[in-house]
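Have a look at the structure below before the remarks.
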Amino acid sequence: MTQREQFEKIIGTLEHVQKRPYMYISVQSHPVLNFIHTFNHVCHLLEAVQGNKFQEKYNQIIVERGWERSSGHPVSQMEAQNMDFDEIITEALNLEIETWKRLLAELPDNE
């Protein structure tokens, strides 16, 4: 499987989760964080992305979408803005999907 195909599959999986979040994410405290961290950990173990590329792109998108970069995930900022659970899941998954889409867009055509 090429890196391009890996990224497309990752994006497709995240978009599927976004359509049916309660199949994957429970309503306990910060469950979206548990899902995202586990998902990204697996992607890194499978070497879908090398080095700090993902984190650099992710940090850029966080700022572009109006969140502050910090040592924690923007979910705490979302909660502070009184976003409800569905809004938090949608925004957290949007951050992930946009990161993978941009990484995919930067791949050479032969990967």
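Before moving on, here are some points about what is shown:
- For the stretch 16-111, trypsin sites (Lys or Arg not before Pro) are listed when DSSP marks them as loop and at most 16 other Cβ atoms sit within 10 Å of their Cβ; the list is 65, 69.
- Helix-only CD estimate at 222 nm, as mean residue ellipticity for the chain, using -39500 (n - 2.57) per DSSP H run (n ≥ 4): -21000 deg cm²/dmol
- Annotation: lysines with alpha-carbon distance below 17 angstrom to residue 9 (same-chain offsets under eight excluded): 19, 101.
- Of the GluC sites (Glu not before Pro) found in the stretch 1-107, the ones in coil according to DSSP and having at most 15 other Cβ atoms within 10 Å of their Cβ are 47, 68.
- Two-decimal Rg to Rh for the chain - Kirkwood Rh, Cα set: 0.96
- Helices of the chain meeting both criteria, an alpha-carbon length of 18 angstrom or more along the long axis and an average Kyte-Doolittle score not below -0.5, with helices taken as full DSSP H segments, are 31-45, 85-106.
Bear in mind these aren't lab numbers, they're just calculated from the coordinates by the rules spelled out. Nothing here was measured: the structure is a model prediction, and the numbers come from that model. Glycine also receives a Cβ, built like all others from the backbone with ideal geometry; neighbour counts cover every protein chain displayed.
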